[in-house]
Structure formats: structure tokens, C-alpha cells
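Heads up, the thing below is written out as C-alpha cells.
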Amino acid sequence: MAQPLILDAHLDLSMNALEWNRDLRWTVAEIRESERGMTDRPDRGNGTVSFDAMRRGRVGICAATQIARFVRRDSPIPGWHSQEQAWAQTQGQLAWYLAMEEAGEMVQIADAAALERHLEHWEDASGNGHEAHAPIGYVLSLEGADSIVTLHHLERAYRQGLRAVGPAHYGPGVYAQGTNATGGIGDKGRALLREMERLNIILDATHLCDESFWECLDAFRGPVWASHNNCRALVFHGRQFSDEQLEALIDRDAVVGVAFDAWMLVPDWVRGSSTPQNRGVTLAQVADHIDHICQVAGDALHAGIGSDLDGAFGTEQGPADVDTIADLQNVPALLAARGYSSQDIEHVCSGNFLRFLRKAWN
Ligand SMILES: [Zn+2]
């Protein structure tokens, strides 16, 4: 089977560039080498993502994030102490994406015409053996909406290309409550969702705590996806979706991207002592989560990939058989071994999210 195009629905590329100081034009090996001896973050020297590795893995399109959290003064969770600081951080991240466009490394995809243009260009480039130089397409998305100071900022962000928003991340948020927090979305959350609906911004249901999840789905009538979210039936934790949540998303014609963070792939991961090797975490568990979503859906039209492979972890907390993001190309064979047709596999690798975007932007 020819290597399928992969759409990765969740990468934190600009966060890696600006907070980890990673020049993603370097190879993964070069980035690792540059971090030798650094101990400021657990994933130093273990990164798996670079533009070169994405191209080798045919990850020709992704949803790439802006991300900045607001926290109160006494919060145990790290973050900015004002929404304005968070806004400025996300504007810096946008500046990096634009610089990568100027450098010919990336191209923003914000409407249906740009999507078709990019897919054509990517296919042409790979057909001519020039894939090594093709720009990677990105849909700009916001992980946690705290940086949206006012609804006018959301409209400004939309004009900058923002096309998907996850209202919350970890902990309590300005507009909704995220992973490990509790509670609903309140008037501010409802107002944000109304403005997202008016602008036709995709709701990313990822990271919403249960109460906020159900309130968001109730309040929002626009397109919904979950960029990087696994299954509670396999790993019991609020960060994962229950079958009931998966069913509600599938009813809305959502696509759920399966994430590769080891603690979300196997139960009872203990940070610091569990390793991918001693817990036997491999792409097989990624396939388990994909398969679970497909079993709940009754088809292969609602599962996708949202690897999160550069989401503040690296090889120390990813599948043992993933050295770089290029290894996403080993997912197709695993699905084939479980009886998935080549058409199903193409759907999971990119077709489902592409169908979703075409529908959202028609
Ligand atoms: Zn996340």
C-alpha cells in the first residue's frame, strides 16, 4: 500500500519553537543534540517532531496550535497572570507561523480553496519526488481560549486565520473548565460559543471537563471536532471521553483524533516511574483507541490522528516504537492487520478530517 497522506489534528509547533527554543527546520537528531545536558524540561533531548520528520512521514497537513493559559496568582498550574499577557504570547506564536510561511516551510489553510490548493500541491510535489521541499499545511487552532481578552479579540484572531478553538485546557479556564477541573461554562462561555458560531469557528471539545463538555455541545450549533482525545473505556480518567460522549460527538459528525501521550494510551501510568518500555506502550494501543472509536461509531468515519507528539513530552512518554513523527506511517499496517480496508485506513489517516473541513467550510 502506498503511504497515505496523514493529517495530524494536534501539534504545538509554535510552543516548541518559542518556549523550547526548537528550530523545527533542524532534523530531530540535530534538535536532540542541541539539548544534550539540559534538564529544564522532562522531554529535553527526546523530541520527535521536525518539519523534515513530518515530510518523511507524509504528515502534509496539521492543526497547529496557539496556546497560552491565564492563571490566578495562587494557582499551582503554570500560566500567565493576565489574559493580555496570554494574548501577547499567542500573537508571538502566530508571528512564528508567519515567519515559517515566509521561509517556505508552512502554508496556512483557512478556507476550502486553500485546502484544495494545498492538497494538489502536496500530491504534485510527492509525485515529482519533491516532497522534501513541500510546505506543510496548517489549520490554526487555539488550545484553551483564555488568551481571548474580549470577543473582539476572537474576531481579530479569526481574521488572522484562527479556525478552531478549544475553550479550555488543563484546570479552570476563563470560558470553560478543563481537564482535572469541574463546572460549567457560564455566561462568558456561552457568549464565546455564540461568537464562534457566528464566525464559523470549529469547537474543539478536547480537554473540556464533563460538565463543560455537555454544556458546550448543548449551546453550540456549529462544527465540532476533538483534535486529540482518547477513550475512557480503555483508560479511565476525565481527560478521556466516555462512550456516551463519543456517541454524542459522532451524532454531530465529529472526528476524534487519537493522541499518543503514553498516560492517555494505557491505564495507571505513573509519571517518573512508568516508561514506554516497562509499560509496553506501543502504536498497538494507539490502534486500540482508534478501533474503539470506530466500534462505537459502527464505521471508520469518525476516528483520526491528533498525535500531540510535541505536547511537552517526547520519547520518554510516547509509544516505544515511535522515534519520530515519521513513524506515524506505521499506523496503517497495524490497522490493516486488524482488518481495516485501505479505504478505511485512508479515512483515519486524513480523509475523515479532510471531509470534516470541506463540510465546515463549504
Ligand atoms: Zn492538549
Kindly list, by first and then second residue, each pair from a residue in the range 25-44 that is of a type in the set (S, T, N, Q) to a residue that is modelled with pLDDT of 95 or more, limited to pairs with Cβ atoms under 7 Å and residues at least 6 apart or on different chains.
Thr27/Ser50; Thr27/Asp52
Just a yes or no: is a residue in the range 274-295 surrounded by fewer than 16 Cβ atoms within 10 Å (Cβ to Cβ) and within 16 Å of the ligand (Cβ to nearest atom)?
no
Could you check the range 244-268 and list, in sequence order, the residues that are closer than 24 Å to Gly222 by Cβ and not in a loop (DSSP other than H, G, I, E, B)?
Glu244, Gln245, Leu246, Glu247, Ala248, Leu249, Ile250, Asp251, Val256, Gly257, Val258
Out of curiosity, is Thr206 among the hydroxyl-bearing types (Ser, Thr, Tyr), away from the ligand (no atom under 15 Å from the Cβ), in a loop (DSSP other than H, G, I, E, B) and modelled with pLDDT of 95 or more?
no
Is it true that some residue in the range 139-156 is assigned to a helix (DSSP H, G or I), without any contact (Cβ under 8 Å) to a residue 24 or more places away in the chain and not β-branched (Val, Ile, Thr)?
yes
If we scan the range 90-98, do we find a residue that is β-branched (Val, Ile, Thr), out of contact with any strand residue (DSSP E or B) (no Cβ under 7 Å at 6 or more places or on another chain) and buried (at least 18 other Cβ atoms within 10 Å of the Cβ)?
no
Scan the range 209-232 and report the pairs whose first residue is on the phi < 0 side of the Ramachandran plot and assigned to a strand (DSSP E or B) and whose second residue is at pLDDT below 95 and within 16 Å of the ligand (Cβ to nearest atom), with Cβ atoms within less than 7 Å and a gap of 6+ or a chain change.
none
For the range 332-354, which residues satisfy the criterion of being in contact (Cβ under 8 Å) with a residue 60 or more places away in the chain and either surrounded by 21 or more Cβ atoms within 10 Å (Cβ to Cβ) or under 27 Å from Ala112 (Cβ atoms) (or both)?
Pro332, Ser342, Ile345, Glu346, Cys349, Ser350, Asn352, Phe353, Leu354
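The values are calculated or read from the model by the stated rules, or taken from the named source; none is laboratory data. Please read these numbers as outputs of a predicted model, since none were measured by experiment. No Cβ is skipped: glycine too gets one built from the backbone with ideal geometry, and neighbour counts run over all protein chains shown.
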